[in-house]
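Read the figures in this text as sums done on the coordinates, not as results from a lab. Everything numeric here is computed off the predicted structure, so don't read it as measured data. We place every Cβ from the backbone using ideal geometry, glycine too, and count neighbours over all the protein chains shown.
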Amino acid sequence: MKKAGHSLSGNVGFRGQLALEHGDIVRIVTDKGVSLRNSPWLYKHPEQSDWLPMAISHHHAEYKALARLPDQLSVERFKPLFGLSAERQMAGAVLNVANQAPVMARFDVEPTAHSNVKQLYDKVITPSRIAAPPLLDAISQDKHVIQIFAFQPGTTLDKMGSGWESWVPLVMAQLLTLQQAGEARRSALKRRSSRFKSLLHRLFPSVFFQALRGGGSKLELSFFIFLMRVTARLPRVLSHGDLHRNNVLIDTQRRQVALVDWDRWAYLPLGFDAALLLRGLPWGEVEPLAVKRVDQQLGTLVFTYLFQCLDVAHFMRSEEAALLRARIYTLYQQVKLRSDTSQ
């Protein structure tokens, strides 16, 4: 272990050579054990395969979840996947299993979280043919579950580079199918409480406290309260709940998309999934990519406004924010008029 220093520029690191072997993992953490950005980093020898031999799982603490896999899986090689699992180790791995197609395993899944995902697969994803990797099996291990999915080839949408927006209509089509299936099976879906919650539950508090810290004006705070009222009136639809671009896989050869990591599914206000998918784009580019329904556009722009408040410094006081507020007011009046007319 090496101790890093820091500079006035904010860079953190150390000088020195590391004697690394194929499959070694480098973690950069604070003195409190918090991983820094882009940590961990997997070292792969340039002359060796991306696949790692199972033999190293018995000699490397990071791979202990693999070492405990049941013998019936007959895993020959693997590719590690990192994330924040229950034990803060490797979150999953692509497994090359003898005499069958590769599978993807997720480790340390809470039984309740697995139950929620399995319910969604059984009642919505599989019968409605939502584009998602099939859930093949679940293996109990200690107090957790190993989920086994069919391996889904592809590149995440966030890595598609220039022109990634051309894939958005395919994702929007999947969201529409999900919403329709969710409406038909609303009474049958009962989500149990788990540690996985959508980002929505902390979005409003985060924006509100940021506005207070920044000395938000009465106009800004009153508009924030208005957005809360608008959100309460939006239809609640079955949603992915965590649809950032890293959770969308693109198969360029087959021109197909797949949505992964369904742990945070829930019935959320219309437009939340779309806004999260398009987060980071200027709102003028977001609206044309949203579904051409007024309530969908309203919901998408409401959450785009909230995300921009978090992502862009002093956004609330910008001309861009003023234009977006005006557009949200216009869409809200259109939705309200349609609602009043239909009654």
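Here's the picture: charge each Lys and Arg Cβ at +1 and each Asp and Glu Cβ at -1 in segment 155-342, and of Val171, Thr156, Thr231 the one pushed furthest to the positive end of that dipole is Thr231. Taking θ as phi - 60°, what are the ³J(HN,Hα) couplings along segment 152-166 by the Karplus curve (6.51, -1.76, 1.60), each to the nearest whole Hz, with x for Gly and Pro? Here the 3J(HN,Hα) series is 10, x, x, 10, 5, 4, 5, 10, 7, x, 4, x, 4, 4, 5 Hz. For Arg202 and Glu76, the difference between the fully extended length at 0.36 nm per residue and the C-alpha to C-alpha distance is 41.2 nm. Ordering 113-122, 92-101, 204-213 by mean Cβ neighbour count within 10 Å, with the highest value first, yields 113-122, 92-101, 204-213.
Each residue of segment 102-108 is assigned a 3J(HN,Hα), and the resulting list reads x, 10, 10, 10, 10, 9, 6 Hz, derived from the Karplus form 6.51 cos²θ - 1.76 cosθ + 1.60 (θ = phi - 60°), x at Gly and Pro.
Highest mean first, how do 235-247, 277-289, 310-322 rank when packing is the count of other Cβ atoms within 10 Å averaged over residues?
Values: 235-247: 21.0, 277-289: 17.5, 310-322: 13.2.
So the peptides 235-247, 277-289, 310-322, ranked by packing, come out 235-247, 277-289, 310-322.
So what J values fall out for segment 240-250 if you push phi through Karplus, 6.51 cos²θ - 1.76 cosθ + 1.60 with θ = phi - 60°, rounded to Hz, Gly and Pro as x? Result, rounded to whole Hz: 5, x, 8, 8, 7, 5, 6, 9, 10, 9, 10. For segment 155-342, the relative contact order is 22 percent, taking Cα pairs closer than 8 Å that sit 6 or more residues apart in sequence and dividing their mean separation by the residue count.
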